[in-house]
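Here the structure comes first, spelled out in structure tokens, and everything after it is commentary.
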Amino acid sequence: MNKIRNIELAESGKQKIEWVKKNMPLLRSLEEEFIETKPFEGVRISVSVHLEAKTAYLSKVLASGGAEVSVTGSNPLSTQDDVAAALAKDGLMVYAWYNATDEEFEEHLNLALGYKPNIIIDDGGDLVHLLHTKKKELLPHIMGGCEETTTGILRLKAMEKEGELKFPMVAVNNAYCKYLFDNRYGTGQSVWDGINRTTNLIVAGKDVVVVGYGWCGKGIAMRAKGFGASVMVCEIDPIKAAEAVMDGFKVMTMDEASTLGDIFITVTGCNRVIHKEHYMKMKDGAILCNAGHFDVEISVPELEKMACEKRVQRKNIMGYKMEDGRWINLLAEGRLVNLAAGDGHPAEIMDMSFALQALSAQYVLSNYMDLGNRVVDVPEEIDKRVALMKLKSWGITIDQLTYEQKKYLESWC
Ligand SMILES: NC(=O)c1ccc[n+]([C@@H]2O[C@H](COP(=O)([O-])OP(=O)(O)OC[C@H]3O[C@@H](n4cnc5c(N)ncnc54)[C@H](O)[C@@H]3O)[C@@H](O)[C@H]2O)c1
């Protein structure tokens, strides 16, 4: 029995899935291959990734390879009810709805796992966490899984270090074809799409503060510059901070930036990077949003406590009035702004990330006995295969080393 809001929405979800399919040539070619080879015949896969059209298509591609697939979301505000309905209509087990309460969200994860998966596709580590705490009885069914994002991999590495990880997990995020494209160009574009459609305000001429200059932060800062903003970066890593300076950005502490910014974007994977002391100094009308995985980067409880009044300003914008009359605006409750107030990354970007997911799931299936209870890298052959597929989809061929060149590169004298 599915848990979705409304099956009547299926037609709109189907249109969205058809649109992304047209723009996801890598997944299309894997779908064709899987229909022929049925690599997942008899295998149960649970997917917990932001449930919008691209994820839906990945789930369908896995099903086309013979898998029985259960699907849930990875954030209460990123599930699209029409997409969930379309998947359910296609016969997949779907447990997710938009704006789930914390209890409902956990219930949905539990229901997806209740399906006794052999392989999990996780985004942020919630399925893995449940399997190692409240759902331990399901561990014997698990062969392994794949993790989509930086934060999930941090959690997995902590478990591995303490000897707590009970099955192999492939770190999809750490493949070149993931973070170079998805984290940088995907987040760079979709975060601005989320901010722009939510605020309908100009970016040119504004002071934008990007907190965290990792792969996502670089993309967000690069695109802010393209829009004509004056960009400031806050970092804790001296190397990344120096990189930001040479990329042309002003680098300073969050304390300094808090008085200057018009728009603040957190993307660190860390908690409480913007808090009370910063709210006290911010300009009237400052806009705050988060692109990191969890809603802990902007301290919303402190903002709630400081506010003497709170008012919805526009869909997905909550205004908080400070005692001195200034208003601070928070987008999408401090959850990932590109997914909670947008459609997530462009389809062509998720095509690469999800081709990695599908091939990594196949890799787990063929190799889980030998991988150990570890966090495992995506094999180089899979990473290169995805890059070649992407080039092919653009009609680009590249040079190959000649025998003589290979010899030259391998020689030392
Ligand atoms: N919104 C999306 O669609 C999306 C996509 C990919 C990743 N993510 C998430 O975004 C977050 C960042 O991912 P990434 O791949 O850029 O990670 P990353 O590790 O490459 O970068 C994070 C950066 O933040 C810095 N940092 C950490 N704590 C900080 C602090 N307190 N103040 C200032 N800087 C700090 C780190 O030094 C690092 O440079 C993660 O939570 C990840 O899961 C979101």
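Considering only residues in the stretch 124-147 that are within 16 Å of the ligand (Cβ to nearest atom) and open to solvent by 10 Å² or more (accessible area, probe 1.4 Å), the one that is farthest from Glu107 (Cα to Cα) turns out to be His129. Counting residues in the stretch 303-310 that are assigned to a loop (DSSP other than H, G, I, E, B) and away from the ligand (no atom under 16 Å from the Cβ) gives one or more. Put simply, of Ala171, Ala158 the only residue that is in the same structural domain as Glu380 (by TED's automatic domain parsing), out of contact with any Cys (no Cβ under 7 Å at 6 or more places or on another chain) and free of Cβ contacts under 8 Å to residues at least 24 places away in the same chain is Ala158. Meeting the requirement of 2 or more residues that are among the hydroxyl-bearing types (Ser, Thr, Tyr), the helices (runs of 4 or more DSSP H) wholly within the stretch 319-413 are 347-371, 403-410. Does Tyr95 satisfy being within 20 Å of the chain's Cα centre (by Cα), open to solvent by 10 Å² or more (accessible area, probe 1.4 Å) and touching a residue at least 12 places away in the same chain (Cβ under 8 Å)? Here the answer is yes, as Tyr95 does meet what is asked.
For Leu51, state whether it is at pLDDT 95 or above, in a helix (DSSP H, G or I), under 24 Å from Lys178 (Cα atoms) and open to solvent by less than 20 Å² (accessible area, probe 1.4 Å). No, not satisfied. Looking at Met350, is it under 20 Å from the mean Cα position of the chain (by Cα) and surrounded by 15 or more Cβ atoms within 10 Å (Cβ to Cβ)? When the stated conditions are applied, Met350 passes them.
Got at least one residue in the stretch 159-166 being buried (at least 17 other Cβ atoms within 10 Å of the Cβ), over 23 Å from Tyr363 (Cβ atoms) and out of contact with any Leu (no Cβ under 7 Å at 6 or more places or on another chain)? No: the stretch 159-166 contains no residue that is buried (at least 17 other Cβ atoms within 10 Å of the Cβ), over 23 Å from Tyr363 (Cβ atoms) and out of contact with any Leu (no Cβ under 7 Å at 6 or more places or on another chain).
Restricting attention to the stretch 272-321, the residues that are modelled with pLDDT under 95 and open to solvent by 30 Å² or more (accessible area, probe 1.4 Å) add up to 1.
Screening the stretch 362-398 for residues that are closer than 18 Å to Thr150 by Cα and in contact (Cβ under 8 Å) with a residue 40 or more places away in the chain and picking the one that is surrounded by the fewest Cβ atoms within 10 Å (Cβ to Cβ) gives Asp377.
The values are calculated or read from the model by the stated rules, or taken from the named source; none is laboratory data. Values in this document were obtained by computation on a predicted structure and should not be read as measured data. Reconstructed Cβ throughout: ideal geometry from the backbone, glycine too, with neighbour counts over all protein chains shown. Just the protein is used for accessible areas: all its heavy atoms, side chains included, with ligands, DNA and RNA removed. Shrake-Rupley method; radii C 1.70, N 1.55, O 1.52, S 1.80 Å.
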